[in-house]
1. Can you tell me how many residues within segment 71-126 are over 16 Å from the mean Cα position of the chain (by Cα), of a type in the set (A, V, I, L, M) and in a loop (DSSP other than H, G, I, E, B)?
2. Tell me yes or no: at least one residue of segment 36-44 is out of contact with any Pro (no Cβ under 7 Å at 6 or more places or on another chain) and modelled with pLDDT of 90 or more.
3. If Lys68 satisfies all but one of (1) surrounded by 14 or more Cβ atoms within 10 Å (Cβ to Cβ); (2) at pLDDT 85 or above; (3) touching a Ser or Thr at 6+ places or on another chain (Cβ under 7 Å), what's the number of the condition it fails?
4. If you take the residues in segment 109-126 that are surrounded by fewer than 15 Cβ atoms within 10 Å (Cβ to Cβ) and within 21 Å of Lys24 (Cβ to Cβ), which one is modelled with the lowest pLDDT?
5. Please list, ordered by first then second residue, the pairs with beta carbon atoms under 7 Å, 6 or more apart or interchain, first in segment 67-94 and over 11 Å from Val114 (Cβ atoms), second outside any strand (DSSP E or B) and of a type in the set (Asp, Glu).
6. May I ask you to verify whether Asn78 is out of contact with any Lys or Arg (no Cβ under 7 Å at 6 or more places or on another chain), more than 17 Å from Gly56 (Cα to Cα) and of a type in the set (S, T, N, Q)?
Amino acid sequence: MVQERTGLVQFVDIKDGLQVRVFKFLLSNNFYPALNDGERIDPKQFYSKEFNGPVGILTRTSFFFPSKRFIGIIKIDNNSWVIEVYGRKNVDSLKLLAKDLSKEFNVVVSVNLVDEYPRPEVSSHW
């Protein structure tokens, strides 16, 4: 948050936290942000609650079906981030995402395959 104090009036402006910036970055790169258990996050919720911990990554299963696949998580730790990949066929796309994240956030990003298959999206109620 950016705070400005002038006289008796204090103005507080909203500044995106790191997780929210990562959520927006995922959306701009055709991925869907999720909690670390695979539950999709509605963009309307970005500012309504505090987000901590790993950021989930979802992708669409096909153009015709709205369901998503849970293909990984981003573990954020200062200047060294790790993307854990679910599903061998998602490695290449998440390597590209890691390269883009590295440039955008000026961090080192490692990519690790942790499961041969993607996981289903966790049902959400939004």
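1. So the count comes out to 0.
2. No, the conditions are met nowhere in segment 36-44.
3. Unmet for Lys68, out of (1) surrounded by 14 or more Cβ atoms within 10 Å (Cβ to Cβ); (2) at pLDDT 85 or above; (3) touching a Ser or Thr at 6+ places or on another chain (Cβ under 7 Å): (2).
4. Looking at the filtered set, the residue picked out is Trp126.
5. From residues that are over 11 Å from Val114 (Cβ atoms), the pairs are Ser67/Glu121; Lys68/Glu121; Arg69/Glu121; Phe70/Glu121.
6. yes
The values are calculated or read from the model by the stated rules, or taken from the named source; none is laboratory data. Quantities reported herein were computed from a predicted structural model and do not represent experimental measurements. In this analysis, Cβ positions are derived from the backbone assuming ideal geometry, glycine residues included, and neighbour counts consider all displayed protein chains.
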